[in-house]
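Written out below as structure tokens is the structure these notes cover.
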Amino acid sequence: MAAQRSDLTGAKSPVSSGKSATGKQILGGLGVVAVIGLCALAGVFGASDSGTDVPAPVTDERAATVSILQRAADSQGICYGWKLLDWTNPTDAGSNLGEGVAVNTDPRCPRYVEVVANIRYTSESSEASDSAEIHVEGSSDFGDADLSAMASGLARFGLDEDAFIDDPGWAVTRAATTLPLLAAEAGLVEPAPTPTAAPAGSPSPLPAAGNDFWRDRWGGLLAAVGLFLLAALLVAVGVVQRRRQRRVAVPAQRAGASTAQSRTREKA
């Protein structure tokens, strides 16, 4: 009987055993989800630093701009080009001579005008704002006042600082295509002939401004939300399992209590 009493007092309760197993499952699942969620969020918000690079114009934009500048240079006898800088670091350049060909160092262009855009993106953790510096440079036969007036005229075409920050590749190539008109307005060259039809592959319209943060990181944010929903599901499943184990354990406890009472009566 002593051995039987020892078994009765030393045996673990089914409720406590089930509760411990369920708790471990929930904690383990939440731990895995939390680690994955933190990694996903770190990738989303940590990507802000890598997003400070200034994007160059796409291939279609460069090719269409070169074609337009070639026609203007042939009719006006002056070279036109563009330069895009990532805070003084060259990112892209082109001219009527071709993609990647700068006019200020090419002997084929004794007279030239080019638009220069210097863009600076800051990280999300920085308090400083993104900035853009746009100016027009030219050969020595062009005065500073004329070049400054051409740079100011870019705003009439919607090519202000915000446009360059939003899409620098599009903005700098579009600004280059306006140089022949601005040079003619300043009296520096004869007006270029007006084309009868818009050239194929002309630069696309400026895309609607949006929130770069959500636009660049929507995939990672959706993944993080999905992980948190999965965590909630695991908690719900754990709660249901715990309730079921309780319902099963209560009859077992009652049966164990009845057996113990019977053995006590027999001993008496």
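Some points to look at:
- Solution diffusion estimate, µm²/s, Stokes-Einstein, region 66-189, Kirkwood Rh from C-alpha pairs, 37 °C, viscosity 0.692 mPa s: 226 µm²/s
- Against the empirical curve 2.2 N^0.38 Å, the C-alpha radius of gyration of region 45-132 lands at a ratio of 1.30.
- Summing +1 for each Lys or Arg and -1 for each Asp or Glu among the other residues whose beta-carbon sits under 14 angstrom from that of GLY158 gives -3.
- Sum of side-chain charges, LEU182 neighbourhood, beta-carbon under 11 Å (Lys, Arg +1; Asp, Glu -1): -1
- P(r) histogram, all alpha-carbon pairs of region 108-172 included - 10 Å bins from 0, percent: 20, 43, 27, 9, 1
- Each residue of region 68-78 was assigned a 3J(HN,Hα) from its phi angle through the Karplus curve 6.51 cos²θ - 1.76 cosθ + 1.60 (θ = phi - 60°); the sequence is 5, 5, 5, 5, 5, 5, 5, 8, 9, x, 9 Hz, with glycine and proline shown as x.
- Solvent-accessible area of TYR112 with every protein chain in place, 1.4 Å probe, in Å² to the nearest 10: 30 Å²
- Taking all protein chains together and a 1.4 Å probe, the residues GLU124, GLU161 rank GLU124, GLU161 from largest to smallest accessible area.
The values are calculated or read from the model by the stated rules, or taken from the named source; none is laboratory data. None of these values were measured; they are calculated from a predicted model. Glycine also receives a Cβ, built like all others from the backbone with ideal geometry; neighbour counts cover every protein chain displayed. Ligands, DNA and RNA are stripped out before the accessible areas are found, and what is left, the full protein with its side chains, is counted by its heavy atoms. Shrake-Rupley method; radii C 1.70, N 1.55, O 1.52, S 1.80 Å.
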